[in-house]
Structure formats: C-alpha cells, structure tokens
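Notes to accompany the following structure.
The values are calculated or read from the model by the stated rules, or taken from the named source; none is laboratory data. The model shown is predicted, which means the values in this text are computed figures rather than measured ones. Here the Cβ positions follow ideal geometry from the backbone for every residue, glycine too, while neighbour counts run over all protein chains shown.
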Amino acid sequence: MSGYDRMLRTLGGNLMEFIENLDALHSYLALSYQEMNAPSFRVERTDGMLLLHYYSDRKGLYHIVPGILEAVSRDFFDSEVTLKILHQDVEEERTGKKEHVVFFLSQNEKEAKNGIKEKIASAGEDCQEDEKRLDAAFQKGREESVLHQLEKKSHWDIVRHIVKFRREDLIRTLEPFFPERLWVEERTFCCAFPFHIVFDETLTIKQAGVNIQKFVPGLQIYGTRLDEYFSIVHPQVTFTIFSIRKFINSQFVLKIRRDALPNLWTRRPMLKLRGQMIWMDSMKCMMYLCSPKLRSLEELEEQRMHLSDIAQHDTTRDLILFNQQRLAEIELSNQLERKKEELRILSKNLEAEKKKSEALLYAMLPKHVANQLKEGKKVEAGDFSCCTILFSDVVTFTNICSACEPIQIVNMLNSMYSRFDRLTSVHGVYKVETIGDAYMVVGGIPVPVSSHAERVANFALGMRIAAKEVMNPLTDKPIQIRIGVHTGPVLAGVVGEKMPRYCLFGDTVNTASRMESHGLPDKIHLSPTTFRALSRQVFEMVERGEIQVKGKGKMTTHFLRKNLHATENEIMGRLEETSDTLESDHGKNVVLMKYAEDSLTARDAEHREDAAGAESDAPHGEDSQQKKEVSLPNLSESAAPSALCVLF
C-alpha cells in the first residue's frame, strides 16, 4: 500500500476516531493531489445510535462505503460492524448537488488485540466510570499521604503516587490539572495565536488574532458577523452554529469572501484558513483555531505574506518549506521524465534514420560489403571467374536533353530507373551504377550463381517492356533503349572512402559497353560468350552476323528476342493468384522469378554472400520451383527524387 497502511492505522484508536479523522487525512493528501475530490465523513450520536453521514460530489459511490469500513474495523480494530442505509438524498450546496447518505452503524465488540475493550456506543458511560475511579484513587492517595505525614505534598506528588500505585488501571483515567484562572493576557494570546477567531452563537465575532485582522481588516469592527467575511469550503455545511457543532470533529476550511475586501485587494487570490472548531460551553462561544492554508512559497507571495506572519510554533511554516522542497524535487523528476521522453523520441527517430541510411547504403553497395564498411573493416577486391554484365542507354538522349526542361529529364529518368530497380529484385541481379541515361547491371556478383546469364537475359527482356511505359517528354511516345550484354571474368571491389562505390574492372566491362554502343534501338545485343551461355536455355535468339567492334575487331553477335517458357507477367514480376508476392516501394506487388539457386535457404544465401566478400565461390544449388522474397530499399524516402538517377 506504499506506506498508507501505517498512516491509516494511526488515524484513531477505534473505528469512530478513525472515521472522524478521515477528512484530515484527505486534506493532507490534497497537498500532493490538488485535483482530488474526496468525500466527507461524520459520525453522529443520537438516541443511543451511531449514524455515519457520507457526503460526496460523485454520485453512486456510497455502495462501497460499507465494505471498506467493515474491512477496516475487522483488520484494524478486531471488531465486526454492520452498516445499513437509513436515508439518502441530494442536497443543493454552493458547489452544486452533493449526495448525502446516512448509514446506521452497529458494532459487535470482540476482545481487542491489545487487551483493551472499546465501547463506542457507551463512550459517555466510560467517562463517568473513569471519573469515579479517578476520585477514588485520589482519595486513597490522600489517606496514604496523611498516614506517612505527607500533608505538604503538592497535587502532582499525589498524582505521581497514584500513577505508581495503580499504573495498570490508568488508561484514559488521568484527570489533567486546570488552573483556576487563565494565566495569559488577552494581548499575549492574540499575538501567540495570530490566526484565531472567537464568535458566539449568532456568528458575531468577539475576538481575533492580530494577523488575521491584518489580512481581513473588517474584523476589527465591533459586531461583525463571521459569515460576512468568510464562507465555509470544507466541510460542505451551512454557515450556522448548529451545523458547525454537528461537524465539530471535522477540519474546517474557511475562505475569505471577495466582496468583503477592499477594491485594491480583489485581484489577490482569496486566502483560505484551515483549522479546528472548539466549543466553549461556559462562554457559549466557538473558537476557530486556524492557520493559513498555503502549500508553497509561491502561494505565500501571492497572498502578500511572509513566513514571519505565521507563528513559530505553527507547523504550517515547516509544511510550506518541506512542500517547496518536494515541489522542486517533483519538478526535477518531471524534467528528467521529459528528457527521457525526448531521448526516447530522438532514439526512435535516430533508429528510423539509421534504417533509411542502411537501406540507401545497401542500395549502393552489396550487403556484405556495406556491413564490413560499417564495422570499419577494409574490403578486399575479389576475382569472379564468370559473370554477365548489361549496359543500357536511352536512344537520342542528347537530343531530348537539349530540347526539354531539366526537371522533365529528371522525371523521365526517375520513372524509368524505378521500374528497372524493381526488376533487379525480380531477377536477383545487382545494379552497379547509373550515369546519366546509362544503366549497368551484373549477374553472378556479389553472390556467384550459375544462372547469371539467364537472370540478366530475363532482366533485359523486362527492361525493354518497362521502357515502353515511360514517355519521351519531347515526342510523348515511349522511349527507346539500347541494351548490350556480355559474359566473362571480372575483378570487383570498393573504390573511394567518402563516397564508396562497388566497381567492376576488366575487359568484360569494356566488351559489354561495346555491345550496347553497337546495338540497335529496342534490341538486346548479345556477345558470343553470352550467346553460348544462353544456348542451352529456353531463349529465342537470332544471329545479327559479323560486325566490326571498336577495339575488339570482328565479332559474330546475336539479338535476344524472347523467353520461350516465361510469360510477360513472370518476367515483369507481376502478381498472379498462385504466386508468392512482395510489396515494393511503389505499392506494387513483386513476384520473384524462379531460378535454380532459389532452392537455397536464406542462411545459405547469406553465407554465400559473405563468402563472396572473402573471395570464395559458393557451390551451385539444385533446380527448384520455390520462390524467395527480398526487401526492396525505400529510396523514395531516403533520398530526394531528383537525385535518384545520380546516386552513384
């Protein structure tokens, strides 16, 4: 219970005292929970009955009161009580409608745990019995004093003798000593208790402390009524002496009425007083012994008050200073929580940016290379004995650039390259770089695969189809591209530190570029080595004949026309009902093309990629009809659209 159980157990010695001090506990808790709207409890004795009055602004909660009090009585006081509803209504108060429920409380006494029998219903009879026992004890003490010639003993000596003689019987039986007259001057009393008010049954003020007169000047006028300057905040009762006496065990909070103060003071917060009512039966007057209800130094300053205005014996001083320290600690704790929340948000944003950076890095470099660079390792170049390289460019690109706006060129290239990038995932090839309108792709690197020529060939067929979806801004007709493909050995490695690039070196790169430059619009130009690699596959190829290739001499080349066994949807990675799909960056489903190496597990593929970085070729897998899914990097979120075509 976070320490509240000890606080509850110390409220009173019996259930009645416990209930009568609940309001005081709520007032204390209100210092920490300023928005708390607690109920009010009052025990009333009438005609030998115990009545519990329950007041609350929240309707319908009175049903839980019997269960709570029965449990408190059983656990704290080892007694059984029963509560029954006698009356229920809604009273109109200043703060609105308040629910008022009266319970009849009956208690079956048991032997208390500490051996003391408590009789709540007969408390008055207990007092009479205690008084008789006390008189008898005093009389016996006097007789013993005479026998021992102690006639000159003081009253306290007699009491001390009685306490020593009958110590076990003096629980709640010791009679305090009262002087015959009050040895305090009126002036001294008003200064010692600067916040107190004495008023009679008509609420006429008879006496007031010096400081309360200072902050409520009207109290100095003879015959002033208390309700003209104050209103009752707690408990919610009418401002009459009868109601006050009914709730005399409750803590009373009075608030200064705004209309009772000078006009210059109306902007101040209204001062609240908190204290207890004490009925003086001989004088037929009520004394309100109180203190300012302040929580912090800020509230003290708002009231134009100082700590010196509060009596030194008043614990309100300690409460203000302690609460001020607590508020400072709470503010520090809140600042820490805010910083933690800011740090959490920053960490979340950093993680998101890190993922974007990794996605961009993985788009620029092979995964194993990117991971080694992130770890600060040096990436060694590697030899690949056989791979297939593809080059493509846009026909009449120079003329288009000279006649169109730059943004039109950028939009055209972005539209084209986004389609090409999607196809790299469909066929499992690696995009090496893009320079202007040139697009370079390689198969079999960085992960060696036996189907590298087949993958690049299908990718080339897909490029030709995708290019027809991109419009020439100059003619509003589909653009035309040239594609050249060559197969051979290369050396691959990372070049550069500030902007690292994964580059390919060797004659194979030059020959593939020559195949593109010597090609024809909308044709896929194959070198002799690529033709031989595809001759055992299901592709339709036609011989172009012998041509003169710059720097290579005469070569017999071929044109790739189509894949005899694959549909256009399979080549383009379009959705089919029975296909495994993947969501791409552009909201389109990607269907991965089936190849021989797809029978490898994800762990095997990752191992082969790592092995590629260590200059080792992994063994080829067997044929399989299964598909695998890959994640496409979200380049549209990682970089500006206008920069996508020149990322490399």
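Quick rundown of the values:
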item	result
Residues satisfying the stated conditions in region 51-68, i.e. in a helix (DSSP H, G or I) and modelled with pLDDT under 90	Leu61, Tyr62
Options Ser450, Ser402, Ser415; residue that is under 20 Å from Phe531 (Cβ atoms) and among the hydroxyl-bearing types (Ser, Thr, Tyr)	Ser450
Hey, Leu327 in contact with a Ser or Thr (Cβ under 7 Å, 6 or more places away or on another chain) and part of a helix (DSSP H, G or I) or not	yes
Index of the failed condition, Asp437 passing every other in (1) farther than 25 Å from Leu360 by Cβ; (2) in contact (Cβ under 8 Å) with a residue 12 or more places away in the chain; (3) in contact with an Asp or Glu (Cβ under 8 Å, 6 or more places away or on another chain)	(1)
Output for region 271-290, where each listed residue is crowded, with 16+ Cβ neighbours inside 10 Å and outside any strand (DSSP E or B)	Leu271
So Glu358, is it in contact with a helix residue (DSSP H, G or I) (Cβ under 9 Å, 6 or more places away or on another chain), acidic (Asp, Glu) and outside the structural domain of Leu300 (by TED's automatic domain parsing)	yes
Inter-residue pairs, beta-carbon under 8 Å, first closer than 30 Å to Ile212 by Cβ and in region 163-190, second at pLDDT 85 or above and surrounded by 12 or more Cβ atoms within 10 Å (Cβ to Cβ), 6+ apart	Val184/Ala192; Glu186/Gln207; Cys190/His196; Cys190/Gln207; Cys190/Ala208; Cys190/Gly209; Cys190/Val210
Residue count for region 11-44, restricted to those that are over 28 Å from Ala328 (Cα atoms), touching a residue at least 24 places away in the same chain (Cβ under 8 Å) and surrounded by fewer than 18 Cβ atoms within 10 Å (Cβ to Cβ)	2
Test: residue in region 333-345 that is surrounded by 13 or more Cβ atoms within 10 Å (Cβ to Cβ) and outside the structural domain of Gly496 (by TED's automatic domain parsing)	no
So Leu520, is it exposed (fewer than 13 other Cβ atoms within 10 Å of the Cβ), modelled with pLDDT of 90 or more, over 18 Å from Val441 (Cα atoms) and among the aliphatic types (A, V, I, L, M)	no
Candidates Thr487, Thr530 - the one that is assigned to a strand (DSSP E or B) and buried (at least 21 other Cβ atoms within 10 Å of the Cβ)	Thr487
Filtered residue count, region 239-259, keeping only those that are out of contact with any strand residue (DSSP E or B) (no Cβ under 8 Å at 6 or more places or on another chain) and either surrounded by 14 or more Cβ atoms within 10 Å (Cβ to Cβ) or not acidic (Asp, Glu) (or both)	4
Top-ranked residue of region 225-238 - restricted to ones that are crowded, with 16+ Cβ neighbours inside 10 Å and either at pLDDT below 90 or of a type in the set (Phe, Trp, Tyr) (or both), ranked as nearest to Lys98 (Cα to Cα)	Gln236
Enumeration of residues in region 315-350 that are without any contact (Cβ under 8 Å) to a residue 24 or more places away in the chain and under 18 Å from Phe215 (Cα atoms)	Arg317
Sole exception among (1) farther than 14 Å from Gly484 by Cα; (2) not in a helix (DSSP H, G or I) for Pro521, by number	(1)
Residue match in region 373-396 (condition: among the hydroxyl-bearing types (Ser, Thr, Tyr), touching a helix residue (DSSP H, G or I) at 6+ places or on another chain (Cβ under 6 Å) and outside the structural domain of Thr487 (by TED's automatic domain parsing))	no
